[in-house]
1. Can you name every residue in the range 45-100 that is charged (D, E, K, R) and more than 30 Å from GLY146 (Cβ to Cβ)?
2. Out of curiosity, is MET61 farther than 23 Å from PHE213 by Cα and in a helix (DSSP H, G or I)?
3. Being open to solvent by 40 Å² or more (accessible area, probe 1.4 Å), in contact with a helix residue (DSSP H, G or I) (Cβ under 6 Å, 6 or more places away or on another chain) and in contact (Cβ under 8 Å) with a residue 60 or more places away in the chain: is that true of VAL246 here?
4. Can you name the number of the only condition in (1) assigned to a loop (DSSP other than H, G, I, E, B); (2) touching a Leu at 6+ places or on another chain (Cβ under 6 Å) that ASP54 fails?
5. Run LEU205 past the list (1) exposed (fewer than 15 other Cβ atoms within 10 Å of the Cβ); (2) assigned to a loop (DSSP other than H, G, I, E, B) and report the number of the one that doesn't hold.
6. Within the range 188-199, is even one residue under 29 Å from ARG158 (Cα atoms) and open to solvent by 70 Å² or more (accessible area, probe 1.4 Å)?
7. For the range 43-61, name all the residues that are out of contact with any Phe, Trp or Tyr (no Cβ under 8 Å at 6 or more places or on another chain) and open to solvent by less than 60 Å² (accessible area, probe 1.4 Å).
8. Looking at (1) open to solvent by 60 Å² or more (accessible area, probe 1.4 Å); (2) modelled with pLDDT under 95, find the lone condition where PRO414 falls short.
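The values are calculated or read from the model by the stated rules, or taken from the named source; none is laboratory data. Everything numeric here is computed off the predicted structure, so don't read it as measured data. Virtual Cβ from ideal backbone geometry, glycine too; neighbours counted across all protein chains shown. Surface accessibility is based on the protein's heavy atoms, side chains included, excluding ligands, DNA and RNA. Shrake-Rupley method; radii C 1.70, N 1.55, O 1.52, S 1.80 Å.
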Amino acid sequence: MTRIERPLARGIGKVTGSALGPYQTAVVRIGFAGTWLFFLLWELPHRHEMYGPDGPWAWDMAGQLIAGNHAFSALMWSDGRVWFEVVYALAILSSALLMLGWRTRTMSVLFMIGVLSLQNRSIFIGDGGDNVIHLMATYLVLTRCGQVWSLDARRAARARAHVQEGRTLDGAFEARPAPPADRVGPVLWWVLGLALSVVTFMGELSRWWLVVFWGLWLVHGLWGAVGRRAPHSELRKALDVIANIVHNAGVLVIMVEACLIYATAGWYKIQGSRWQDGTAVYYPLHLDYFSPWPALSDLLSSNGVLLMLVTYGTVAVQVAFPFTLINRRVKNVLLAAMIFEHAVIAVVLGLPFFSLAMITADAIFLPTAFLLRLGGRAARARGAVVSRVPLSRKLLSRGPLSRLTHRGPGPQRPAADQQREEQDAEHARVGFTP
């Protein structure tokens, strides 16, 4: 191979052989699902006025708009209150399960359905963060965002440990039986297929959305069938390669989208006269809608030099960020500055969900080493909480007391338990929290 062919071959092998950014995509999954979940719970008392039948944007008006732009919203299938409550509850449930990482492939699709259904029902409600969630909910469907820090990863780790050999109390070895077959996945797949068949028969979906949803349903079914019947076949390897390519393409799209958001925001700010003279930040601080803490807003707005620096600094950081991706150190500095800026916006201007959405989008650029340290600290904090569990509960969780009081030959505890503890310690070291 020539000097050009070697890096190209390594790059192709890396893109097709692994799903890149497992920790970054896990943070994006947890962040966006958690942000949308907290928003739905926060607006629970006002849900009917925002997205339901009591809102100013009537159901027939939304239907006319969706008929023109061909957007998707399950709330357009019926204008009844019961159906609205069902869709809202499913949106909350899918967000919570996606945040926990339970059946992430399925929950990512249901999460996208919930986001699109509510936001397309009332498109004039939002603070900018809803647009980011709208886009990222679609991109998450393409990613394998449950590789780490998820219940799926925990179940996979237990399945791998289940097939290993264990030691009995008398010191002999015995082969552990195969893990039980997955029954939840096929049942969930068939239930969703039946629901999709009913919706198709009712004619509620356009031709484009029929292709999207039926395609996802068939792909998930093929993946599950091959994984159960031929997990080591060439077909499974080919599906892994395709899944890695789609995942890495999705990660690239998320990164490009985040760069476009900052670049367009920065260049449009440059064209504004208030941003040019350094007074743009002054005016939002004097609006009642963006002043949850009037005393704090007055304190900040009284310092003209600080406002000018914040105004010009915001424009400079947003315009420069896409160009700093070629330099890791500069990128990390600007990334920390943008995250801090969004945290200040959440407190000073009272836009917590917008700030959470933008911080989550920024998380796709966080260094893996930083995320591993963050995961390790979370694992140690979890271990500290678990260590405070009463001894009686620990004894019950380990099974019969005879295992602890055994004095015969061999270890007092099964080797599988010791191996599981060692595996948990290793997961804590690398930042994986089952």
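1. Result: GLU49, ASP54, ASP60, ASP79, ARG81.
2. The answer is yes for MET61.
3. So VAL246 fails the test.
4. Here ASP54 meets the rest and fails (2).
5. The single condition LEU205 does not satisfy is (1).
6. Within the range 188-199 (the criterion being under 29 Å from ARG158 (Cα atoms) and open to solvent by 70 Å² or more (accessible area, probe 1.4 Å)), the answer is yes, since at least one residue qualifies.
7. Answer for the range 43-61, where residues must be out of contact with any Phe, Trp or Tyr (no Cβ under 8 Å at 6 or more places or on another chain) and open to solvent by less than 60 Å² (accessible area, probe 1.4 Å): GLU43, MET50, GLY55, ALA58.
8. (1)
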